[in-house]
Amino acid sequence: MTLLSVHDLEVGYGAITALHGIDLEVRKGEIVTLIGANGAGKTTTLRTISGLLKPQRGDVRFNGNPITGVKPHVITKMGISHVPEGRGIFANLSVAENLELGAYLRRDKIQQAEYQRIFTLFPVLKERMKQNAGTLSGGEQQMLAISRALMSKPQVLLLDEPSLGLAPQMVQTIFRVIREINAEGTTILLVEQNAHMALVTAHRGYVMETGRIVLADETKALLASDRIKKAYLGG
Ligand SMILES: Nc1ncnc2c1ncn2[C@@H]1O[C@H](COP(=O)(O)OP(=O)(O)O)[C@@H](O)[C@H]1O
Ligand SMILES: [Mg+2]
């Protein structure tokens with residue numbers, strides 16, 4: 001079942017067109033990755049899905065219903081949660097306060113079981129709850145950003161470059177958790193420049209170049225493709 005889809009999406013910044021009519025779909029239960037070089041249009045795609053940018057043309061559908069033009073907080077409430085590039089956490093608030101902000105759109109308080117889930121995914125956050133988020137390492141901030149996004153109980157999680165700038169061991173941790181969150185039932189659209197990790201983690205992938213989708217396939221096929229090996233996998 002298709003959970004999230006975009007059709008013929010054209011998005012620009014003033015005179016600059018960043019997306020030239022892209023199509024993609026994410027089915028329930030999948031991890032789908034969107035890979036491509038810097039400037040390809042990956043962030044623009046996620047920001048349009050989550051309602052932060054308005055397309056000039058085309059539409060975004062969630063559970064079959066058009067959500068183009070719907071306000072970002074409403075889209076979050078509908079079940080799409082976005083972990084932005086650069087993480088977007090509040091450095092001067094504590095870890096606990098950042099998590100509470102993630103739950104802000106809900107009417108109920110964060111349940112103990114949800115804290116337990118977060119601490120099972122990321123044990124280190126338990127020790128950091130009272131610390132200001134700005135004092136966390138880059139990897140811990142990414143853990144917090146993902147945890148905060150989970151507080152709105154999303155059906156789909158949009159992740160924008162979660163491994164960017166992290167040490168190799170932390171990259172492994174983040175990708176392991178992405179698989180765990182997916183295994184627990186959350187559908188994931190993962191934007192990455194780390195094509196190798198993204199392709200070994202996801203089920204299907206889209207390859208984006210200068211605002212266009214140039215390839216779409218099962219990740220197994222993409223990993224075996226000479227074109228992908230040459231352009232994105234260093235050989
Ligand atoms: N705020 C902006 N104003 C003008 N151009 C932008 C802005 N953000 C992105 N762009 C341009 O849109 C294109 C796609 O950018 P982006 O979606 O950030 O790519 P990616 O996330 O794949 O690196 C690039 O050419 C970039 O320079
Ligand atoms: Mg980007």
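Per-structure values
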item	result
Qualifying chymotrypsin sites (Phe, Trp or Tyr not before Pro) in the range 67-173, DSSP loop, other Cβ atoms within 10 Å at most 16	F90, Y104
Sites K71 and E97 - FRET efficiency at Förster radius 30 Å, r taken between beta-carbons, to 0.05	0.80
Residues of the range 12-55 with amide N under 20 Å of a point placed 7 Å along Cα→Cβ from V214	17-25, 33-46
Residues in the range 123-161 that a label on E180 would reach, taking backbone N under 17 Å of a point 7 Å out along Cα→Cβ	123-129, 139-151
For I31, distant residues with modelled amide H under 5 Å away	I188, H203, R204
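Throughout, read-outs are computed from the coordinates displayed, never taken from laboratory work. Since this is a predicted model, take the numbers as computed values, not measurements. Here Cβ is always computed from backbone atoms with ideal geometry, including for glycine, and neighbour counts include all displayed protein chains.
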